[in-house]
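**Student:** Just passing along the structure, written as structure tokens.
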Amino acid sequence: MKNLLLCLFILCILSCSSNSKNKLDVLLETVDIPDQEFKFSSDTVQTLVGEKGTIITIDPKDLQFENREEVKGEITLLLKELTTKEELLRANAQTISDDKWLISGGAYNIRLYVEEKELQLKKDAFIEVEFPKIMDDDMQLFYGDSKGNGNMNWNKTATRFKDKKYQTIFFQDSSFIMFNNILKIDEPAYVTLKKKLNRRSVKELQEAYPRVDSLSIKMDTIYAYEYCIYRFLDETYELDIKDLDSIKKEWEGIKKRNKRIDEVYQKINLFKLGWVNVDKFYPETIEKVLIRLDIDREKIPEVFVIDQENNTILNWFQNKNEQYVMEFPKGGKFKIIAFDIKDENVLAVKKTIKTNQSKRISLLLKRIKENQLESYFKED
């Protein structure tokens, strides 16, 4: 039923839009990542948590309408969290800043409304946000600008993200396997050491306790687990490895119950609503090669480039000579995806390339069925 409704919706789009570019824009909106919606009163400070771990704290007193009128009534927050290449691609949130490539540590869109009227922050006001940490690199805050044409450009700020420090509780579970024929001891004994540590980041904890098996973050506290097996054996006793099976299975169960959840960065202040990104610049020292794209059509409205090794998504546009030419890092692996619409038909192609040397590549677009559109956005 879901696929049938999607197909009917796409057919409606193809028949109602006025030209191929508009039709394609509207069509690609059908695969966008949906917003998460939160509602809260304008009377109290509110802390909200997104599905991927974004923590947002808002004081409604810091908000106003465009005409500077005070905010009253129920507030709606719309949140979009993009942390994977597929999500960035679906949202057309290309990772570029003034023609410089970026590697994304997550892109987010935060908007606020009252009865469909968009809100803005008052002068010098801000909201507090803790973004999920999905990369260990040094990352900066960027604000997004769609330039009015739907294609994203990210503007760098001076804000750098810092690791959040948590209250930490360390558990060491030990199994003493005491085998002794004379004393008839052949069962394990369990001892758990619980130790409360000072506040530290996940990285600092892992450096201090490199043998930690698993950790989880709950209620602003890290719970770290380390498992040890000690064997005290009688000299005449030959230990069968099967004797440890039950203990190993039990510990695997403990680790599964305590999987690490998403870590967040230290809280920052956002002075603008809308698109924000946790980013770093692509290394500029990498040797480049020139890739020319030959397409079997006069004009392709949408061509995307996806870096297979990094969270980098780009729109590929024609240059002033109406040619598709782009510099790529040498030795990389990229996926090229293109879409077009002709005579009410959807055309698409997806091709993987290796950038070992400068070269020309060809794309041959083929007609696809409406229910195949989703597959072009899935990560292989």
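What follows is calculated from the coordinates using simple rules that are stated; it is not laboratory data. Here the structure is a predicted model, which is why all the values come from computation and not from measurement. Cβ atoms come from the backbone with ideal geometry, glycine included; neighbour counts cover every protein chain shown.
**Student:** Rg and Dmax of the range 68-114, Cα atoms, in Å?
**Tutor:** 14.9, 43
**Student:** So if each residue of separation counts as 0.36 nm, and I subtract the Cα-Cα distance between Arg360 and Lys196, what length gain in nm does that give?
**Tutor:** Values: separation 164, 0.36 × 164 = 59.04 nm, distance 6.01 nm.
Contour length minus Cα-Cα distance gives 53.0 nm.
**Student:** Structure shown: which of Lys164/Lys333; Lys164/Lys194; Lys52/Lys162; Lys23/Lys280; Lys320/Lys350; Lys23/Lys320 lie over 28 Å apart, alpha-carbon to alpha-carbon?
**Tutor:** Over 28 Å Cα-Cα: Lys164/Lys333; Lys23/Lys280.
**Student:** Subtracting the Cα-Cα distance from 0.36 nm times the residue separation, let me have the gained length for Thr44 to Lys156 in nm, one decimal. Mind showing how you got there, number by number?
**Tutor:** On the way: separation 112, 0.36 × 112 = 40.32 nm, distance 3.21 nm.
Full extension of this stretch gives 37.1 nm more.
**Student:** A follow-up question, please. Given points 7 Å out from each Cα along the Cα-Cβ axis, report the Lys117 to Asp136 separation in nanometres with one decimal.
**Tutor:** Computed distance between label sites Lys117 and Asp136 equals 5.0 nm.
**Student:** Hey, another quick one. Principal axis lengths of the range 288-376 from Cα atoms, whole Å, largest first?
**Tutor:** That gives 39, 30, 17 Å along the principal axes, largest extent first.
**Student:** What FRET efficiency do you get for Asn315 and Asn371 if R0 is 25 Å and r is their Cβ-Cβ distance, rounded to the nearest 0.05?
**Tutor:** Calculated transfer efficiency: 0.50.
**Student:** May I ask you to evaluate 6.51 cos²θ - 1.76 cosθ + 1.60, the Karplus curve with θ = phi - 60°, for each residue of the range 42-59 and list the ³J(HN,Hα) values in order in whole Hz, giving x for glycine and proline?
**Tutor:** Result, rounded to whole Hz: 7, 8, 9, 5, 10, 10, 10, 10, x, 4, 9, x, 5, 10, 10, 10, 10, 9.
**Student:** To make sure I understand, if each residue's beta carbon is the centre and we count other beta carbons within 10 Å, what order do Met139, Met326, Met219 fall in, fewest to most? Kindly include the intermediate steps, with their values, before the conclusion.
**Tutor:** Working: Met139 23, Met326 18, Met219 7.
In order of increasing Cβ crowding within 10 Å: Met219, Met326, Met139.
**Student:** State the extension gain, in nm to one decimal, for the chain segment bounded by Ala125 and Glu327, taking 0.36 nm per residue of separation less the distance between their alpha-carbons.
**Tutor:** Details: separation 202, 0.36 × 202 = 72.72 nm, distance 4.09 nm.
Using 0.36 nm per residue and subtracting the Cα-Cα distance, I get 68.6 nm.
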